[in-house]
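The values are calculated or read from the model by the stated rules, or taken from the named source; none is laboratory data. On a predicted model such as this, the values are computed, not experimentally measured, just so you know. When we count neighbours, we look across all protein chains shown, and the Cβ atoms used for this are built from the backbone with ideal geometry, even at glycine.
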Amino acid sequence: SQSSPSWQPGDKQHSPHGLGVKHISINPEQESSVYSLMVSSCVPRPVALVSSLSAGGTGNLAPFSYFGVVSHDPPTIMLGICTKGGGVKKDTIVNIEQTGEFVVNLISDWMVEAASHCAGTQGG
């Protein structure tokens, strides 16, 4: 994989899938063991790109560097979510509390610039 250093906010993020890279979705309930996946997916220190929806259906995508594996049976992860200034909860935790759902995606080289951009506070 390769990064996209020329990526700018507003640009469409290219995908490696058109280049023959295969996307795999795993349902842990259908696997006999996910040990290898769990111990190899969080090294050396990945950044989790967490997607969530508000109770009203508004999407949110945010990177988190405090993320890791807790157990492989059952497959369990931890996600550390700090507060905004003044102790205000971030949208991600509000959404998780409202819906009980979120998705953790691992950031690859090809999208690191776009992921880094969404870590900041943008006005538009």
Subject >> Identity of the residue in the range 85-107, farther than 14 Å from residue 64 by Cα and outside any helix (DSSP H, G or I), that ends up farthest from the chain's Cα centre (by Cα) >> reply: 88
**OP:** Could you list, in sequence order, all residues of the range 80-93 that are of a type outside the set (Lys, Arg) and over 12 Å from residue 51 (Cα atoms)?
**Re:** 80, 81, 82, 83, 85, 86, 87, 88
Subject >> the range 28-79, residues that are among the polar types (S, T, N, Q) and touching a residue at least 40 places away in the same chain (Cβ under 8 Å) >> reply: 33, 41, 51, 52, 54
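Right, residue 20: at pLDDT 85 or above, exposed (fewer than 10 other Cβ atoms within 10 Å of the Cβ) and either farther than 16 Å from residue 116 by Cα or within 13 Å of the chain's Cα centre (by Cα) (or both) or not?
On the way: at pLDDT 85 or above: no; exposed (fewer than 10 other Cβ atoms within 10 Å of the Cβ): yes; either farther than 16 Å from residue 116 by Cα or within 13 Å of the chain's Cα centre (by Cα) (or both): yes.
No: the conditions fail for residue 20.
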**OP:** Report the residue count in the range 42-84 for those that are surrounded by 14 or more Cβ atoms within 10 Å (Cβ to Cβ), assigned to a loop (DSSP other than H, G, I, E, B) and among the hydrophobic types (A, V, I, L, M, F, W, C).
**Re:** 3
